[in-house]
1. Being buried (at least 20 other Cβ atoms within 10 Å of the Cβ), over 27 Å from A56 (Cα atoms) and of a type outside the set (F, W, Y) is the requirement here; does V115 meet it?
2. Within region 39-64, take every residue that is free of Cβ contacts under 8 Å to residues at least 40 places away in the same chain and loosely packed, with under 15 Cβ neighbours inside 10 Å and give me the one that is nearest to L174 (Cα to Cα).
3. Regarding A10, is this residue more than 16 Å from the chain's Cα centre (by Cα), part of a strand (DSSP E or B), under 28 Å from L212 (Cβ atoms) and at pLDDT 95 or above?
4. List the residue pairs whose Cβ atoms are under 8 Å apart, where the first residue sits in region 15-38 and is touching a residue at least 12 places away in the same chain (Cβ under 8 Å), the second is surrounded by fewer than 14 Cβ atoms within 10 Å (Cβ to Cβ) and in a helix (DSSP H, G or I), and the two are 6 or more positions apart or on different chains.
5. How about region 106-159: which of its residues are touching a residue at least 24 places away in the same chain (Cβ under 8 Å), basic (K, R) and either in contact with a His (Cβ under 7 Å, 6 or more places away or on another chain) or part of a helix (DSSP H, G or I) (or both)?
6. Does region 72-105 hold any residues that are free of Cβ contacts under 8 Å to residues at least 60 places away in the same chain and surrounded by 15 or more Cβ atoms within 10 Å (Cβ to Cβ), and which are they?
7. Could you tell me whether region 63-77 includes any residue that is in a helix (DSSP H, G or I) and not hydroxyl-bearing (S, T, Y)?
8. Residues A207, A164: which one is small (G, A, S), free of Cβ contacts under 8 Å to residues at least 24 places away in the same chain and in a helix (DSSP H, G or I)?
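The values are calculated or read from the model by the stated rules, or taken from the named source; none is laboratory data. The shown structure was predicted, so the numbers you read here are calculated from the model rather than taken from an experiment. Neighbour counts are summed over all protein chains in view; Cβ atoms, including those assigned to glycine, are modelled from backbone coordinates with ideal geometry.
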Amino acid sequence: MVVRVCERAAQSGAAAVAVATDDDRIREAVERAGYRAVMTRTDHPSGTDRVAEAAAALGLCPDEAVVNLQGDEPLIAPELVRAVAAMLGSHAEAAVSTACHPIRDAASLENPNVVKVVLDARGYALYFSRARIPYPRQAGGAWYRHAGIYGYRMAFLQRFPGLAPSPEERTEALEQLRVLWHGHRVAVAVHEGEIPPGVDTPQDLEAVRRMLP
């Protein structure tokens, strides 16, 4: 599965693709497929902390962009990876970029595992929540599901591990709220199509296997 993610990342036109891991089995699978693996510590509290360690090991410059893909999303679209990276170029105030897509079914609106995001007029995130935001007090409205893909300016990525977790982050169990709590901006690419979810269960894995060639 992680090799499939590497293939999607490479198709995006990324300058380089590397996998951050603390598991030798993953390293071996990645290297057999011809990709680079970076071994990291086992005690990172979040995926972003792990990516920060790997990016430092790669010797990236402060002005470079790093896009973090989850290893359990083999259906991620290469064009979405490009869009998330491009948001850092078009939104100068953003330290981080990510993506979302419209929610069109009631079940997703009520599902706490579907993270919602509210945007401002310029495409920056106002808040992320597991709750149904905005609340539909009146008819109409639009809702967006946040997708777990992030772009970082390298300079900010190196700062992130030193930022204290925020109260909202602990309440919602969403680490991206730490970015907003400390006054940094998150630019969000709106993808009008569906963004496939990751593989969280054996049933998800079987469904993905049927979709892949």
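1. Values: buried (at least 20 other Cβ atoms within 10 Å of the Cβ): yes; over 27 Å from A56 (Cα atoms): yes; of a type outside the set (F, W, Y): yes.
Against the criterion (buried (at least 20 other Cβ atoms within 10 Å of the Cβ), over 27 Å from A56 (Cα atoms) and of a type outside the set (F, W, Y)), V115 qualifies.
2. This residue is P45.
3. On the way: more than 16 Å from the chain's Cα centre (by Cα): yes; part of a strand (DSSP E or B): no; under 28 Å from L212 (Cβ atoms): yes; at pLDDT 95 or above: yes.
No: the conditions fail for A10.
4. Cβ pairs passing all conditions: A37/E31; V38/A57.
5. Passing the criteria: K116, R145.
6. Hit for region 72-105 is I103, nothing else.
7. Narrowing region 63-77 to residues in a helix (DSSP H, G or I): none.
No - not one qualifying residue is present in region 63-77.
8. On the way: A164 fails: in a helix (DSSP H, G or I).
Within the list A207, A164, the selection yields A207.
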